[in-house]
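**Q** The following block contains the structure, expressed as structure tokens.
What follows draws every value from the coordinates through simple rules; no lab data is involved. Being a predicted model, the structure only gives us computed values, none of them experimental. Neighbour counts run over all protein chains shown; Cβ positions are idealised from the backbone, glycine included.
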Amino acid sequence: MLSRTAEYLYWISRYMERAETTARLLDVGYRMSLFPNPSGYNNEWESVLSAAGAIEGYKNKYNTIEQKNVEDYLFFDESNPSSVYNCILNARNNALVVRTSFTPESWLAVNKTYQEMLNLKEKKFTKSDLPDLTEWTIEQVNLFRGSLSSLLRNDGYNFLFLGLFIERADNSARLLDVKYFVLLPKPQYIGGNIDNMQWSILLRSLSSFRAFRWAYDGNITATKIADFLVLNNNCPRSLSFCIQNIVKHLTNLTCSPEKVGRIYNNLKDLNTKIQEEKIETIVEYGLHQFVTQFIRKISSVDNEIHKEFFN
Amino acid sequence: MYQSESVIRNHYNNINDWLDQMTSKVILEKNAEAETHFRNIGITFSTNNETARERIIPFDLIPRIFTYTEWLRLERGVIQRAKALNAFLADIYNQGEIIKASIIPKEIIYKKKSFEPSMFGFSPPRDIYSPIIGIDLVRTSPNDYFVLEDNCRTPSGVSYMLENREIMMRMFPDLFHNNRVTPIDDYPTRLLQTLMSLAPIKCENPEPVCVLLTPGPLNSAYYEHSFLSDQMGIEMVESTDLFVEGKYLYMKTVDGPKRVDVVYRRIDDDFLDPLCFNPQSVIGIPGIMDVYRTGGVNICSAPGAGIADDKAIYIYVPEMIKFYLGEQPILDNVETWNCEKEQELKYVLDNINELVVKEVDGSGGYGMLIGPKSSKSSIDEFKTKLSTNPKGYIAQPLLDLSFSPTLIKNQVEGRRVDLRPFCLIGEQAQLSSGGLTRVAMNEGSFVVNSSQGGGVKDTWVLAE
């Protein structure tokens with residue numbers, strides 16, 4: 001496989017994954033905007049922007065944080081590199097180049113999404129349309145993922161999934177980083193409505209709200225949620241699940257065992273640690289520090305993948 | 001479709017019945033379906049205006065039909081022509097017999113920009129310079145076909161031929177149950193076989209590694225590049241994916257370098273090798289020409305193959321057929337005046353109101369004058385151009401291109417068409433069982449180019 005093809009495949013799934021994350025964040029913001037604003041908490045749209053890594057760009061463009069503008073910035077804005085529009089545009093342009101390494105269905109899934117996006121962009125939207133937009137995005141991304149199941153299980157497949165899980169690991173971790181304080185024990189809030197609400201934001205933004213209920217019995221506690229999102233191998237968005245899959249798709253690559261070996265060595269410790277760690281230890285050590293380190297590690301693995309395979 | 005006023009030619013009967021039973025509503029729906037399909041698969045062409053949406057070429061639902069016997073003659077004629085053009089290239093880059101025989105003056109050949117001096121004395125595998133040739137044909141009466149031009153470099157449009165058929169089969173399966181239409185979907189396989197049969201001498205691989213070299217996504221034929229490489233199952237590469245080491249060409253893969261035997265290039269000569277052609281070029285593979293000349297790789301079509309489809313050379317193709325093949329040309333040329341010759345220039349200037357004047361290096365329907373349909377001012381403009389630069393132009397009579405029934409606002413109307421079938425020459429010479437029919441969608445128009453409002457149709461060749 002051409003190095004460039006591998007790189008483009010990797011980025012297609014990163015972009016599609018990012019489109020979904022951004023759409024889910026918007027959904028969370030939308031949901032929150034329907035609840036009475038609890039005193040003492042920041043505007044929810046601001047944390048949506050931080051979690052999407054778009055706060056700086058947004059503030060360069062707008063003076064105040066308003067739902068209409070946030071929606072537009074995160075969904076349609078061409079100047080925001082992570083807007084759903086740009087993610088889909090980039091995924092499609094990459095797919096155009098590597099459609100030969102795809103199934104026709106995968107190409108269709110990406111290109112149709114793009115064509116529909118152009119139509120959506122031409123229409124004018126009102127606040128209440130947001131749920132439709134997020135639902136549409138999630139559907140499109142699922143269509144794309146589904147189409148991947150008929151791919152040959154070759155290196156191209158593994159590069160696609162490496163991209164997907166690197167992006168997801170990064171997204172989940174960044175979201176946790178923005179919201180980590182919600183999971184810290186604060187006596188004055190425990191059991192209060194505010195906590196519940198904040199927790200549900202976190203879970204929803206990781207599409208894990210109902211999954212959590214099925215995975216854990218009894219009361220909802222901060223520790224359980226942290227465990228679910230960081231260490232639970234059954235949760236498809238937890239950090240440990242992402243790492244496991246990065247390792248899996250990395251070691252499944254049949255090209256250049258020595259390159260795979262070098263990247264794996266860098267990743268090994270994190271993988272072992274996350275599989276053996278207890279959530280209490282992490283919280284005690286500092287969830288924030290843990291997540292920050294994790295993000296740094298993922299970014300260095302991403303750099304290595306680029307250096308070893310795509311140059 | 002019509003034999004004479006309102007008499008339908010036999011082989012169009014089925015289509016006529018089919019049209020009769022389609023309501024306007026169905027036609028509208030099917031048109032919309034076709035458009036959505038083309039957008040979804042991405043068979044679009046980009047325009048220079050980046051903000052504009054990619055455009056799709058208008059697709060007409062009514063197929064153009066050839067009978068088996070009609071096609072047989074075209075097939076023989078096109079293959080004959082393609083063979084002669086390759087023989088011509090092999091000759092002028094070696095002995096130059098046709099020049100010695102005073103059939104073509106040597107200035108016409110050697111002074112052309114498309115003549116490539118560095119090819120002199122080199123013979124590509126099987127002496128095939130141009131393995132994929134698109135011949136543009138027009139029909140002026142039931143049995144009169146003329147060749148409008150030859151395309152020996154990198155003819156495009158074959159993806160439309162294949163996709164037009166796909167969409168027709170998808171939308172109107174019954175049509176294909178009731179008509180015996182020769183399939184064309186084996187074209188990519190045949191193209192790959194052709195390329196593989198042209199492996200360079202130093203290739204030891206029984207299954208030569210072929211790649212398609214594209215200039216990149218901004219090229220207007222990019223869809224076709226990706227479509228063809230996909231259908232052939234070969235890598236579509238850009239020049240940055242390739243490099244030369246030792247006497248071989250390699251592509252950069254995740255496993256490390258992989259040797260490439262045959263390059264089906266869809267870029268111009270100028271951008272192949274900055275060491276050899278255009279030192280300013282940022283695209284291109286330094287050293288590839290050296291590998292080519294020493295038999296480490298084959299480049300299809302060969303650098304310098306473009307001389308064969310030069311509009312000034314076109315005039316001599318019937319002579320070439322007689323000279324190299326010892327045969328009478330099956331397909332005629334359009335009568336052409338070479339403005340370089342004083343007498344012919346005079347004739348052109350005197351009769352410009354009746355003629356079509358074309359730039360020798362022009363394409364895409366740009367830079368041409370259709371005398372009978374032009375204003376006095378543009379005719380005067382062309383007269384000046386002709387007088388100052390006569391060798392830049394040729395002139396031809398305005399041919400009465402045949403009409404094909406075309407759906408215009410739900411009504412069947414006649415529109416002018418041409419045809420580009422695709423000829424492959426490798427181990428064997430063969431013609432696609434169909435081609436690209438282009439149609440001038442505007443009433444009364446003679447220009448079928450997509451850049452000038454042309455559309456396309458599915459083209460059927462009926463089985464014997």
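**Q** Out of A:THR223, A:VAL110, A:PRO131, whose Cα points farthest toward the positive end of the dipole of chain A (charges: +1 Lys, Arg; -1 Asp, Glu; placed on Cβ)?
**A** Selected residue: A:VAL110.
**Q** Classify chain A: rounded, prolate or oblate, from the alpha-carbon gyration tensor (a ≥ b ≥ c, eigenvalue square roots; a/c under 1.5 rounded; otherwise prolate if a/b is larger than b/c)?
**A** oblate
**Q** If you plug each phi of the stretch A:81-88 into the Karplus form 6.51 cos²θ - 1.76 cosθ + 1.60 with θ = phi - 60°, what whole-Hz ³J(HN,Hα) values come out, in order, with x for Gly and Pro?
**A** Residue by residue, the stretch A:81-88 yields x, 9, 5, 3, 4, 5, 4, 5 Hz.
**Q** If you don't mind, another one. Could you please rank A:ARG153, B:ARG55, placing first whichever residue has the fewest other Cβ atoms within 10 Å of its Cβ?
**A** Fewest-to-most ranking of A:ARG153, B:ARG55: A:ARG153, B:ARG55.
**Q** Next question. Return the sequence-ordered ³J(HN,Hα) values of the stretch B:123-133 in whole Hz as given by the Karplus equation 6.51 cos²θ - 1.76 cosθ + 1.60 applied to θ = phi - 60°, using x for Gly and Pro.
**A** My calculation for the stretch B:123-133 gives 10, x, x, 6, 6, 9, 8, 10, x, 10, 10 Hz in order.
**Q** Sequence-distant or interchain residues sharing an amide H contact under 5 Å with B:GLY435, placed H: which?
**A** Those lying under 5 Å, H to H, from B:GLY435 are B:THR459.
**Q** Would you calculate, for chain A, the mean residue ellipticity at 222 nm contributed by helices, counting each DSSP H stretch of 4 or more residues as -39,500 (n - 2.57) and dividing by all residues, to the nearest 500? Kindly include the intermediate steps, with their values, before the conclusion.
**A** Details: 15 runs with 218 residues, N = 311.
Mean residue ellipticity, 222 nm, calculated: -23000 deg cm²/dmol.
**Q** Which value, in debye to the nearest 20, gives the size of the charge dipole of the protein assembly as shown about its Cα centre, when Lys and Arg are +1 and Asp and Glu are -1 at the Cβ?
**A** It works out to roughly 1000 debye.
**Q** Here's another thing I want to ask about it. If you average the alpha carbon positions of the stretch A:54-97 and of the stretch A:251-297, how far apart do those two centres end up, in angstrom?
**A** Taking the Cα centre of the stretch A:251-297 as reference, the centre of the stretch A:54-97 is 30 Å away.
**Q** Which ³J(HN,Hα) values in Hz, rounded to whole numbers, follow from the phi angles of the stretch B:152-158 under the Karplus curve 6.51 cos²θ - 1.76 cosθ + 1.60, where θ = phi - 60° and Gly and Pro get x?
**A** Using θ = phi - 60°, the values come out as 9, 8, 9, x, 10, x, 5 Hz.
**Q** Mind jotting down the distance between the C-alpha centroids of the stretch B:266-322 and the stretch B:202-255, whole Å?
**A** Between the Cα centres of the stretch B:202-255 and the stretch B:266-322 lies a distance of 17 Å.
**Q** Fewest to most neighbouring Cβ within 10 Å: what's the order for A:LEU148, B:LEU85?
**A** In increasing order of surrounding Cβ atoms, one gets A:LEU148, B:LEU85.
**Q** Collect residues whose amide H, placed 1.01 Å from N in the peptide plane, falls under 5 Å from the amide H of B:ILE8; neighbours closer than 5 in sequence don't count.
**A** Here the answer is B:GLN3, since their amide H atoms fall under 5 Å of that of B:ILE8.
**Q** Also, quick follow-up: Please go through the residue pairs B:LYS83/B:LYS341; B:LYS111/B:LYS341; A:LYS124/B:LYS30; B:LYS113/B:LYS202 and name each one whose alpha carbons sit more than 20 Å apart in this structure.
**A** As for pairs spanning more than 20 Å Cα to Cα, those are B:LYS83/B:LYS341; A:LYS124/B:LYS30; B:LYS113/B:LYS202.
**Q** Determine which lysines satisfy two conditions relative to B:LYS25: a Cα distance under 17 Å, and not lying fewer than 8 residues away in the same chain.
**A** B:LYS25 reaches B:LYS409.
**Q** Determine which aspartates and glutamates satisfy two conditions relative to B:LYS311: a Cα distance under 17 Å, and not lying fewer than 8 residues away in the same chain.
**A** B:GLU107, B:GLU116, B:ASP136, B:GLU149, B:ASP150, B:GLU319, B:ASP332, B:GLU335, B:GLU340, B:GLU344, B:GLU359, B:ASP361
**Q** Taking amide hydrogens as modeled 1.01 Å from N in the peptide plane, which residues meet the under 5 Å criterion relative to B:VAL262, leaving out close sequence neighbours?
**A** Under 5 Å from the amide H of B:VAL262: B:VAL209, B:CYS210, B:VAL211, B:ASN298.
**Q** Could you tell me which of the pairs A:LYS121/B:LYS252; A:LYS259/B:LYS247; A:LYS68/A:LYS297 are separated by over 29 angstrom between their Cα atoms in the structure shown?
**A** A:LYS121/B:LYS252; A:LYS68/A:LYS297
**Q** To continue, here is another question. How would you rank B:HIS37, A:HIS288, B:HIS225, A:HIS249, going from fewest to most other Cβ atoms within 10 Å of each one's own Cβ?
**A** A:HIS288, B:HIS37, A:HIS249, B:HIS225
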